[in-house]
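What follows is a set of notes on a single structure, which appears directly below.
The values are calculated or read from the model by the stated rules, or taken from the named source; none is laboratory data. The structure displayed is predicted, hence computed values, not measured ones. All Cβ positions, even for glycine, are placed from backbone atoms using ideal geometry, and neighbour counts span all protein chains on display. The protein model used for the area step is the full one, side chains on, heavy atoms only, and it has no ligands, DNA or RNA in it. Shrake-Rupley method; radii C 1.70, N 1.55, O 1.52, S 1.80 Å.
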Amino acid sequence: MMQESDYFEMNRVGWDKRAAAHFDSSFYDLPGFLAGQTSLREIELAELDDVSGQSLLHLQCHFGMDTLSWARMGAICTGVDISPVAIDKARALAQTLTLDAEFVCTDVYSYQRSGASPYDIVFTSYGAICWLPDLRRWADIIASNLAVGGLFYIVDFHPIYDLLAGYSYFTQVQPEVEEEGTYTENGAGVTAKLATWAHPMSSVINALINVGIQIERVSEFPFSPYNCFDGMVEREPGRFYLDHKGNDVPIVYSITGRKVV
């Protein structure tokens, strides 16, 4: 039976391949980003809008476009990701854009800020926590790196989609392991074996509550800012909907919380 470290190494290899392809994809639109466009989407921009002058930790940052978008808005940013290819590209982007952001290559469970004050904000987004087997340890990392009074914010794909797609809604001890491509238009030849874990919303919320994060808001959205699942329809610009038996699927959720102890 494979160990957690084996699954993490599997995913690291897969995300190294993905990062190389994603960097050159029109999906991520690097030329537009370099020209000044933000990579952040309407949901997180509306719900997490005041970051200027605040220290921000971005967990599972990929190659740093969202991290650097927050830096452009005045945040003092640190991005963390398991993929050295992604982190190298993030550092190169920061240098090209002359933005003062730090990038650290490590898995989430191993990250701990040293020699500095805790962060004002911890942020994570779309498609992140499915790569982690244990949300209790994830929440511990959030709490240990977040200042008392600091803000935690997650926006992610709603786990109900897993059920509709034929996967477990609830967390299983062993992950789903599949050989799959990637979601960018240039990713047909980028295949890798990847391990993912399902997490119901109750597990996400309770993990945060149990480490002293007071939930201030939970939001659910019937649209995604990404056209990333089969059958989605763009009814309004930048809003992609998914129908199930004549009804809109809740496709994205967000949680805002504040560390109180």
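Annotation for GLN112 and ALA46: the two label points, set 7 Å from Cα along the Cα-Cβ direction, are 3.9 nm apart.
Annotation: per residue accessible area for the chain equals 45 Å², rounded to a whole number [probe 1.4 Å, protein chains only].
When the Cα positions of ALA46, LEU57, SER25 are compared along the charge dipole of the range 12-57, SER25 comes out farthest toward the positive end, with charges on each C-beta of Lys, Arg, Asp and Glu.
The lysines within cross-link reach of LYS193, meaning a Cα-to-Cα straight distance under 17 Å and a gap of 8 or more places when in the same chain, are LYS17. Ranked by the mean number of other Cβ atoms within 10 Å per residue, highest first, peptides 188-197, 77-86, 170-179 order as 77-86, 188-197, 170-179.
When the helix-only estimate is applied to the chain (DSSP H runs of n ≥ 4, each -39,500 (n - 2.57), divided by the residue count), what is the mean residue ellipticity at 222 nm, nearest 500 deg cm²/dmol? Intermediate results must be reported in sequence, preceding the final value.
Numbers: 8 runs with 77 residues, N = 261.
Using -39500 (n - 2.57) per qualifying helix, the result is -8500 deg cm²/dmol.
Full extension of the segment from GLU179 to THR38, taken as 0.36 nm per residue of separation minus the current Cα-Cα distance, would add 47.6 nm.
Share of pairwise Cα-Cα distances greater than 24 Å in the range 32-125 is 13 percent (whole percent). In this rough spin-label picture, where each label sits 7 Å from Cα along the Cβ direction, the ASN186-VAL218 distance is 4.0 nm.
First compute the accessible area of the chain with a 1.4 Å probe, then give the percent of it belonging to carbon and sulfur atoms.
Numbers: 5970 of 11820 Å².
In the chain, the share of accessible area belonging to carbon and sulfur is 51 percent.
Judged by the mean number of other Cβ atoms found within 10 Å, the most tightly packed of the peptides 149-160, 39-50, 234-245 leads the ranking 149-160, 39-50, 234-245.
Report the local net charge at GLN214: Lys and Arg +1, Asp and Glu -1, summed over other residues whose C-beta lies under 15 Å from its C-beta.
Details: positive: ARG217, ARG258, LYS259; negative: GLU216.
Value of the local net charge: +2.
Segment PHE229..LEU97, full-extension length gain: 44.3 nm, with 0.36 nm per residue of separation and the alpha-carbon distance subtracted. Applying 1/(1 + (r/R0)^6) with R0 = 22 Å to the Cβ-Cβ distance of GLU9 and TYR169, what FRET efficiency is obtained, to the nearest 0.05? Step by step, r from the Cβ atoms, then E = 0.20.
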